[in-house]
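J.: Structure provided below as C-alpha cells; questions to follow.
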Ligand SMILES: [Zn+2]
Ligand SMILES: [Zn+2]
C-alpha cells in the first residue's frame, strides 16, 4: 500500500466510517466490516480535504486503538480469529510476518498450536476459533 500522509485526525475520520460500516457477530464476537474489500480484507476509502485515503479496515481499527498513524516497519496487523473482514481490536495482533505465517498453519489445522512468540521471546496471544 502506498504511503499516505496519515495523521491521528485522519485515522479518527476513517475509524468513524469503519464503525458505521461494521457490525458485531454475537456468536463469534467478530466485528464484521461490510464495506468494499480488497484481497478479502475490508478496505476503507475516503476523501478528506480533496485528498483520497485508502487503508485496510482492520489496520484502521488497530491504529485507532493504539493511537498510531502507521503500522511499525517489519510488523503486520494479523487476525487472531482468521476472519479477514473482522475489525475487532481484541482479535488483532501486531506481529512479524513469520508469526503471521505461523498463524496461517493454525488456520489450516483449525486449531491453535499455542506457539506464537515474538523474536525477543515474548509471547503473543493464541489464535481464536469459535
Ligand atoms: Zn474476529
Ligand atoms: Zn495459533
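Every number in this text was worked out from the coordinates using simple rules, so none of it is lab data. Computed from a predicted model, the values in this text were never measured in an experiment. Positions of Cβ are backbone-derived with ideal geometry, glycine not excepted, and every protein chain shown enters the neighbour counts.
J.: Within segment 5-18, can you find the residues that are more than 14 Å from the chain's Cα centre (by Cα) and without any contact (Cβ under 8 Å) to a residue 60 or more places away in the chain? Don't jump to the end; show me each part of the working.
T.: Kept after step one, since they are more than 14 Å from the chain's Cα centre (by Cα), are these residues of segment 5-18: 5-10, 12-13, 16-17.
Answer for segment 5-18, where residues must be more than 14 Å from the chain's Cα centre (by Cα) and without any contact (Cβ under 8 Å) to a residue 60 or more places away in the chain: 5, 9, 10, 12, 13, 16, 17.
J.: Also, I was wondering about something else. Please find, within segment 77-106, the residue that is nearest to ligand 2 (Cβ to nearest atom) out of those that are over 13 Å from the mean Cα position of the chain (by Cα) and either surrounded by 15 or more Cβ atoms within 10 Å (Cβ to Cβ) or over 29 Å from residue 19 (Cα atoms) (or both). Spell out the reasoning first.
T.: Of the residues in segment 77-106, the ones over 13 Å from the mean Cα position of the chain (by Cα) are 96-99, 101-106.
Next, only the ones that are either surrounded by 15 or more Cβ atoms within 10 Å (Cβ to Cβ) or over 29 Å from residue 19 (Cα atoms) (or both) stay: 96, 98-99, 102-103, 105-106.
Numbers: 96: 14, 98: 13, 99: 9, 102: 7, 103: 5, 105: 8, 106: 3 Å.
Ranking the candidates gives 106 first.
J.: Only residues that are over 19 Å from residue 62 (Cβ atoms), within 16 Å of ligand 1 (Cβ to nearest atom) and in a loop (DSSP other than H, G, I, E, B): list them for segment 85-112, please.
T.: Once the filter is applied, which keeps residues that are over 19 Å from residue 62 (Cβ atoms), within 16 Å of ligand 1 (Cβ to nearest atom) and in a loop (DSSP other than H, G, I, E, B), segment 85-112 yields 110, 112.
J.: Could you run through segment 21-65 and say how many residues are closer than 23 Å to residue 9 by Cβ and touching a residue at least 12 places away in the same chain (Cβ under 8 Å)?
T.: As a first pass, look at segment 21-65 and keep what is closer than 23 Å to residue 9 by Cβ: 21-22, 31, 33, 35-36, 42-65.
Keeping just the survivors that are touching a residue at least 12 places away in the same chain (Cβ under 8 Å) gives 21-22, 31, 33, 35, 42-44, 46, 48, 51, 53-65.
So the count comes out to 24.
J.: Which residue out of 130, 115, 120 is surrounded by fewer than 16 Cβ atoms within 10 Å (Cβ to Cβ), within 13 Å of ligand 1 (Cβ to nearest atom) and on the phi < 0 side of the Ramachandran plot? Don't jump to the end; show me each part of the working.
T.: Numbers: 115 fails: within 13 Å of ligand 1 (Cβ to nearest atom); 120 fails: within 13 Å of ligand 1 (Cβ to nearest atom).
Testing whether each residue is surrounded by fewer than 16 Cβ atoms within 10 Å (Cβ to Cβ), within 13 Å of ligand 1 (Cβ to nearest atom) and on the phi < 0 side of the Ramachandran plot leaves just 130.
J.: Among the numbered criteria (1) within 12 Å of ligand 1 (Cβ to nearest atom); (2) touching a residue at least 60 places away in the same chain (Cβ under 8 Å), which one does residue 69 miss?
T.: Only one criterion is unmet by residue 69, namely (1).
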